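See structure below.
The values are calculated or read from the model by the stated rules, or taken from the named source; none is laboratory data. Everything numeric in this text was worked out from a predicted model, so none of it was measured. Neighbour counts are summed over all protein chains in view; Cβ atoms, including those assigned to glycine, are modelled from backbone coordinates with ideal geometry. Quick note on the areas: whole protein, heavy atoms, side chains included, nothing else; ligands and nucleic acids left out. Shrake-Rupley method; radii C 1.70, N 1.55, O 1.52, S 1.80 Å.
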Amino acid sequence: MADKQISLPAKLINGGIAGLIGVTCVFPIDLAKTRLQNQQNGSRLYTSMSDCLIKTIRSEGYFGMYRGAAVNLTLVTPEKAIKLAANDFFRHHFSKDGKLTLLKEMMAGCGAGTCQVIVTTPMEMLKIQLQDAGRIALNETLAVINVASAAAQRKLMPETVPAGTVETKSPTAMQLTRELLREKGIAGLYKGLGATLLRDVPFSIIYFPLFANLNNLGKRGVDGPAPFYVSFISGCLAGSTAAVAVNPVDVIKTRLQSLNRGSTEDTYSGVTDCIRKILRNEGPSAFLKGAYCRALVIAPLFGIAQVVYFLGVGEFILSFLPKKDN
């Protein structure tokens, strides 16, 4: 992928297909990440990713792990298209004056990360509401259970709540979109825009140069391309590293974009207020909540992208289109 010269239309097709496959494969882990990041010390329902997924299946059924997936599947293709097109544009622009240096690669990644938030912010905004609905509903269920006897509490803890018994009462993505647009206008869909920029721009600045340099270490000779498995490993390592590095901002973004909260949970007016309350009430370690989940989400996404690019899916699809006569 790093060494192949691929046309922009093929890149957009490859990026979209990789995004669709990747989201389908790793979405349950992403749901666990959101719920782990959102839970506060006074309302801890899950102790780990596996604990979160097991309790989600038991209380909401198997498809409970895919709440909000439709939003991602719908918007991931335009998101990848904007990011890839912007990265190509900036790289071409910065290389006009000569060699594309590391600094220019970082600037191109910065530009791509800035452009993608046009789609990323509303996508994440809607996805988070749907992903976290089950946690909030379960929290409310347990709050009611707390007034019962200790024996009743033990009997109805999340581990033993039958599938489908938790009422999520969450609207669909379309209902949520209409409600936000009616009450707050377009700004309602872009709540947390600043935090999304603070996450996606540094991620792109870290990922693109790190991937390029790791990939170069495995090249065959000075000008030879890197083997596929080197690009695959480089993508996974660079993606995981960048994901963990920006996880504190991802926690802040998730908290800011969550519209519904439990009665005992903090609300936040902005980035600085969120940082202050998390530090005061949960300590610095709270900024690492869901970090390993995010790493497990990002690594396969980039690995899958490498497979799609390596197989040349986009080029194969374009080969069926009629060629223009010169």
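Numbers at a glance
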| item | result |
| --- | --- |
| Residue within the range 257-267 that is under 15 Å from the mean Cα position of the chain (by Cα) and either open to solvent by 10 Å² or more (accessible area, probe 1.4 Å) or of a type outside the set (K, R) (or both) present | yes |
| Scan of the range 25-51 for residues that are open to solvent by less than 20 Å² (accessible area, probe 1.4 Å) and touching a Pro at 6+ places or on another chain (Cβ under 9 Å), ordered by number | V26, L45, Y46 |
| Residue in the range 75-97 that is on the phi > 0 side of the Ramachandran plot and crowded, with 22+ Cβ neighbours inside 10 Å present | no |
| Residue count for the range 270-326, restricted to those that are open to solvent by less than 70 Å² (accessible area, probe 1.4 Å) and aromatic (F, W, Y) | 3 |
| Filter pass, V251 being open to solvent by less than 10 Å² (accessible area, probe 1.4 Å) and either in contact with a helix residue (DSSP H, G or I) (Cβ under 7 Å, 6 or more places away or on another chain) or free of Cβ contacts under 8 Å to residues at least 24 places away in the same chain (or both) | yes |
| Neighbours by Cβ (under 8 Å, 6+ apart or cross-chain): first from the range 262-273, part of a loop (DSSP other than H, G, I, E, B); second polar (S, T, N, Q) and open to solvent by 20 Å² or more (accessible area, probe 1.4 Å) | G262/N139; D266/N281 |
| Some residue of the range 83-101 being closer than 22 Å to R294 by Cα, in a helix (DSSP H, G or I) and in contact with a helix residue (DSSP H, G or I) (Cβ under 7 Å, 6 or more places away or on another chain) | yes |
| Residue match in the range 61-71 (condition: in a loop (DSSP other than H, G, I, E, B), over 27 Å from A286 (Cα atoms) and not aromatic (F, W, Y)) | yes |
| The range 171-224, residues that are of a type in the set (S, T, N, Q) and either farther than 29 Å from A69 by Cα or open to solvent by less than 20 Å² (accessible area, probe 1.4 Å) (or both) | T196, S204, N213, N215, N216 |
| Test: V161 is open to solvent by less than 30 Å² (accessible area, probe 1.4 Å), touching an Asp or Glu at 6+ places or on another chain (Cβ under 6 Å) and at pLDDT below 90 | no |
